[in-house]
Amino acid sequence: MQHRVHTPVQSQLKFMDKLVIEGRNHLKGSLPVSGSKNTALALFTAALLADGPVTIENIPNVRDVRTLAQIISYTGVSVDFDQQSGVAAIDPTTLTAPEAPYELVKKMRASFYMLGALLGKHGEARVSLPGGCAWGPRPVDLHIDGMKALGASIELDNGYVVAKTPGGRLTGGTFTLNPSSVGATINLLLAATRARGSSVIHNAAREPDVIVFGEALKSMGAKIDGLGTPTIEIEGVDYLNPVPIRNCSDRIELGTFMIAAAIAGKPGDTILLKNAQHEHLGHAFKEAFEKTGTQVVYNDNSVSVTVPESIQPADITTAIYPGFPTDLQAQWTILMSQASGKSTITDTIYLDRFKHIPELQRMGLVARVVQNAAHVEGGHPLKGAQVMSSDLRASVSLVLAALVASGETQVLRVYHLDRGYENLETKLANAGIAIRRERYDEWVTPTPPIPESE
Ligand code: EPZ
């Protein structure tokens, strides 16, 4: 039988951005740290609990923030985010639909905070389950079981969590997180703050994101004790005063820039990282960074890094705060690639968060991943290449590698990077790096058409 094969359809053009970086230019001068992406997301949902319009300052203009603004607007709440000034104005009094749709929630896991905010304020919610992630699993069982413990009835309906509260308001209750989870802690605090009665969260997350978020709720009148400890007690309130809120600085961007300074600065130079809240780094990162032999001065609102002549290897193991942040383990790999010796990078939070390693190996990184650890051999020169981003922190580790690689590196699909780093190429270009953003066609070749028989 003669099969007639169609000529392949024209591949759909898909325009994307890439960063083109000429390696081995010295980083010099200073880098400004933006507002915390992860804390900004929590503060946006905290605003939904207030009884009037709320303004939030120091919000980074990144894709995740713009996505959450879209999701909040979908409920009828007005969100005015001034991307230049970094100020967001959110008026929760105009809410008409306590819903968060799949098309938006699938873009970003933290959208699931809408469940706690809508349930806490309005006693009902219909929120899509979040999509997958570049690594995982990243379940939300703790979020759902926690809401039930606070008095919600939950049904799963076509990929949506449909939550109701008998009597129209959560009662409050007690729940233990196992394992401890930043997102689940934030979601349960959103729900418990406006509940009828009192609640207790055991094994709560202690990350600075949670503390800044909880303190913002307390500034509005929430009754919360124990922030920063494993046990948080909440007394539900009937009213939250919409006072202005200020977001904290991004601790993960700060750690990323400290690593950039150590590997790409001129030995002996000092590089200043501005608008920094170093106390949010946690002692584990600071101790590991000190072990590399890099001199650091922690000032009130900045960090000074003196570029070392050589970098000593330092093993790290990620853990919940104040342990080494999992969001800095990919970046640490690049620091260790420049170290004079071998090191091991172990992730105990996400056992498979190593998708950046194969791309870095194409640039000459000598490393191997065994279960949840990357074994890195420093001292091998990196060479520029075309590399593909796979997730937010992996993509920034590719940029760090490009800074020290010989020749040109092109980091593709930087929409991953744009999720959490504000104006990165501008910041680096202003500090001596040869970097530019370019648009390119990402050919998406459809699967070959199935030949039709005669
Ligand atoms: C937050 O994610 C951060 N995101 C992540 O940063 C960060 O990597 C993570 O905390 C860990 O520090 C935001 O703050 C928006 P988790 P979160 O999945 O809260 C398990 C970045 O790059 N778990 O709760 O979603 C889970 O499997 C992002 O900025 C359950 O078992 O973290 C994991 O092992 C990536 N059941 C652990 O908890 C649940 O219901 C903690 O991770 C929820 C979580």
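The values are calculated or read from the model by the stated rules, or taken from the named source; none is laboratory data. What you see is a predicted model; the values in this text were computed from it and never measured. Every residue, glycine as well, gets a Cβ built from its backbone with ideal geometry; the counts of neighbours run over all protein chains shown. These area figures cover heavy atoms from the full protein model, side chains too; ligands, DNA and RNA do not enter into them. Shrake-Rupley method; radii C 1.70, N 1.55, O 1.52, S 1.80 Å.
Only one entry in THR185, THR165, THR174 is within 20 Å of ALA50 (Cα to Cα), more than 13 Å from the ligand (Cβ to nearest atom) and at pLDDT 95 or above, namely THR165. Checked against (1) within 9 Å of the ligand (Cβ to nearest atom); (2) outside any helix (DSSP H, G or I), ALA110 passes all but condition (2).
Here the condition is being touching a Lys or Arg at 6+ places or on another chain (Cβ under 7 Å), open to solvent by 20 Å² or more (accessible area, probe 1.4 Å), outside any loop (DSSP other than H, G, I, E, B) and assigned by TED's automatic domain parsing to the domain that holds ILE59; of ILE154, ILE211, it holds for ILE154 alone.
Applying the set (1) out of contact with any Cys (no Cβ under 9 Å at 6 or more places or on another chain); (2) assigned to a helix (DSSP H, G or I) to THR39 leaves exactly one unmet item: (1).
Residue-wise test of (1) at pLDDT 95 or above; (2) not acidic (Asp, Glu).
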| residue | (1), (2) |
| --- | --- |
| THR294 | yes, yes |
| VAL307 | yes, yes |
| GLN329 | yes, yes |
| LEU335 | yes, yes |
| SER343 | yes, yes |
| ASP347 | yes, no |
| ASP352 | no, no |
| GLN371 | yes, yes |
| VAL376 | yes, yes |
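Test of understanding: among LEU360, LEU328, which residue is assigned by TED's automatic domain parsing to the domain that holds ALA261, touching a residue at least 40 places away in the same chain (Cβ under 8 Å), open to solvent by less than 10 Å² (accessible area, probe 1.4 Å) and within 11 Å of the ligand (Cβ to nearest atom)?
LEU328
Restricting attention to segment 75-107 and to residues that are part of a helix (DSSP H, G or I) and under 13 Å from ALA50 (Cβ atoms), the residue that is nearest to the ligand (Cβ to nearest atom) turns out to be PRO92. Within segment 130-147, the presence of a residue that is modelled with pLDDT of 95 or more and away from the ligand (no atom under 12 Å from the Cβ) is excluded.
Give the residues of segment 303-325 that are under 15 Å from ALA260 (Cβ atoms) and either open to solvent by less than 30 Å² (accessible area, probe 1.4 Å) or in contact with an Asp or Glu (Cβ under 7 Å, 6 or more places away or on another chain) (or both), sorted by residue number. The answer is VAL303, SER304, VAL305, VAL307, PRO308, ILE311.
Only one entry of VAL376, VAL387, VAL404, VAL414 meets the criterion of being within 16 Å of the ligand (Cβ to nearest atom) and in contact (Cβ under 8 Å) with a residue 24 or more places away in the chain, and that entry is VAL414. Number of residues in segment 234-244 that are of a type outside the set (Val, Ile, Thr) and buried (at least 16 other Cβ atoms within 10 Å of the Cβ): the value is 3.
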